[in-house]
Amino acid sequence: MKLSEFDYDLPREIIAQEPLKQRDMSRLMVLDRRTRSITGKIFRDIIEYIGSGDCLVLNDTRVIPVRLYGRRRTGAKVEIFVLNPASGTLRALVRPSKRVKDGEKIELESGIQATVFGAAGSGRFVRFDAPIGRVLESGHMPLPPYISRRDTSRDREDYQTVYARKDGATASPTAGLHFAEGLLERLKKKGAVIVYVTLHTSYGTFAPVTSEDIEEHLMHTEYYEISKETADAVNRTKVSGGRVFAVGTTSTRVLETAAAGQGKVAPSSGETDLFIYPGYRFKVTDSIITNFHLPKSTLLMLVSAFGGRDLIFRAYKQAMESGFRFFSYGDAMLVL
């Protein structure tokens, strides 16, 4: 398929810059693949679609404040975005990269010094004169590039799911941002099974696809985990006739990566570079809860693979005409 098939014109004014005060009061667009219908709801209405015996799969990764600000000795401002905070050899995006020389020292807001070295793939190698945990204590939340404001103290909570518990993400699994504690409790009381996987969402989720033939795109890798407890719960759901609801493209990729055949998943962990685009046959996922995604993105391709490109693009057009809010802090979509 061609990259141009996943492009659309998006008015900048509908890109959400702030979250709603009540997570589960965002708007929800419900797509039914069988009837090809599109229905408008409020997110907390999702309880109408998830029943007893169904399984809701959440990504419990926790976003780390990896965006750092500092100054060169000239006084010029520098931004350092740590790409792999859990690794020994640190890599970072440095802006403006071309002006910062190899071996140059940057003084961070905290007074800690960072030394920037040569190219490391899409970034630069970086070393701090303090442990990375202490460095990140004064870090900023890594809001995505389409949010045109500096982060605030409120983003430390808003850009985190209410069930986040495993440090490692440098981008939020944003479909989960719509779930409030009360909504999750109501789903449990209704009889839904709630389980967790981990995928440390990375900055690569915003990496543009540049190949016109999308099959030539080199997918970024992300660390994932799925426990035996979660795998068993998903497999029991499939056997009993329940449905598996993946919250976000991240949970979807974990489930499909762990699929062992015949609709079963196996506990596993490691790096996944699974690239899902139209033509992919889903093995485990029965429904996806997701946000509205960037044009030409791998996330839009995944959702199009699940819902069908024509239905997804019809829904996007309707969403834009109806004033839905797009991207990380925006509204949601349920594809049944």
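Only the coordinates and a few stated rules stand behind these numbers; no lab work does. Small disclaimer: the values here were computed from a predicted structure and weren't measured. Neighbour counts are summed over all protein chains in view; Cβ atoms, including those assigned to glycine, are modelled from backbone coordinates with ideal geometry.
What is the magnitude of the charge dipole of the chain about its Cα centre, with +1 placed on the Cβ of each Lys and Arg, -1 on the Cβ of each Asp and Glu, and no other charges, expressed in debye to the nearest 20? Don't skip to the answer; put the middle values down first.
Details: 48 positive and 40 negative charges, 81 e Å.
That gives a dipole near 380 debye.
Send over the Kirkwood Rh of the chain, from the inverse of the averaged 1/r over different Cα pairs, rounded to one decimal Å. Intermediate values should be presented prior to the final figure.
Values: mean 1/r = 0.0482 Å⁻¹.
When all Cα pairs of the chain are included, the Kirkwood radius is 20.8 Å.
Greater than 23 Å separation of Cα atoms is the criterion. Which listed pairs, LYS264/LYS296; LYS41/LYS190; LYS21/LYS296; LYS228/LYS264, meet it?
LYS264/LYS296; LYS21/LYS296
Quick one: pull the percentage of alpha-carbon pairs in segment 257-325 with a separation above 14 Å. If you can, show how the numbers build up before the last one.
Working: 1546 of 2346 pairs.
It works out to 66 percent of all Cα pairs.
Please list, in order along segment 51-64, the HN-Hα scalar couplings obtained from phi with the Karplus expression 6.51 cos²θ - 1.76 cosθ + 1.60 (θ = phi - 60°), rounded to whole Hz, x for Gly and Pro.
x, 4, x, 7, 10, 9, 10, 10, 9, 8, 4, 10, 6, 9
Which percent, nearest 5, of DSSP beta bridges in the chain are antiparallel?
Rounded to the nearest five, the antiparallel share is 70 percent.
Semi-axes of segment 1-137's equivalent ellipsoid from the Cα gyration tensor, sqrt of 5 times each eigenvalue, largest first, rounded to whole Å? Walk me through the numbers on the way to the answer.
Working: eigenvalues 356, 77, 52 Å².
With the √(5λ) rule applied to segment 1-137, the semi-axes are 42, 20, 16 Å.
Which FRET efficiency value, to the nearest 0.05, is calculated for ARG71 and ARG33 with the Förster distance at 30 angstrom and r the Cβ-Cβ distance?
Values: r = 52 Å, r/R0 = 1.75.
The formula returns an efficiency of 0.05 here.
Read phi for every residue in segment 272-282 and hand back ³J(HN,Hα) as whole Hz from Karplus 6.51 cos²θ - 1.76 cosθ + 1.60, θ = phi - 60°, with x for Gly and Pro.
Here the 3J(HN,Hα) series is 10, 10, 4, 10, 9, 9, x, x, 5, 9, 6 Hz.
With charges set only on the Cβ (+1 for Lys and Arg, -1 for Asp and Glu), what does the dipole of segment 1-130 come to about its Cα centre, in debye to the nearest 20? Provide the component values of the computation, followed by the final result.
Values: 24 positive and 17 negative charges, 123 e Å.
It comes to approximately 580 debye.
Any idea which of PHE6, VAL135, MET333 is furthest toward the positive side of the dipole for the chain, if Lys and Arg beta-carbons carry +1 and Asp and Glu beta-carbons -1?
VAL135
Rounded to the nearest 20 Debye, what is the dipole magnitude of segment 77-170 about its Cα centre when Lys and Arg each give +1 and Asp and Glu each give -1 at the C-beta? Display every interim value, and only then the final one.
Working: 16 positive and 12 negative charges, 58 e Å.
In total the dipole reaches around 280 debye.
Under a Cβ-Cβ cut-off of 14 Å, what is the net charge of the residues other than ARG73 that fall near it, where Lys and Arg count +1 and Asp and Glu count -1?
Values: positive: ARG71, ARG72, LYS77, ARG99, LYS101, LYS105; negative: GLU104, GLU107.
The answer is +4.
Are there any chymotrypsin sites (Phe, Trp or Tyr not before Pro) in segment 90-131 that are in a DSSP loop and have at most 11 other Cβ atoms within 10 Å? List them by number. List each step's numbers first, then the result.
On the way: sites: PHE117, PHE125, PHE128; in loops: none.
In loop regions of segment 90-131 (DSSP not H, G, I, E or B), there are no sparsely surrounded chymotrypsin sites (Phe, Trp or Tyr not before Pro).
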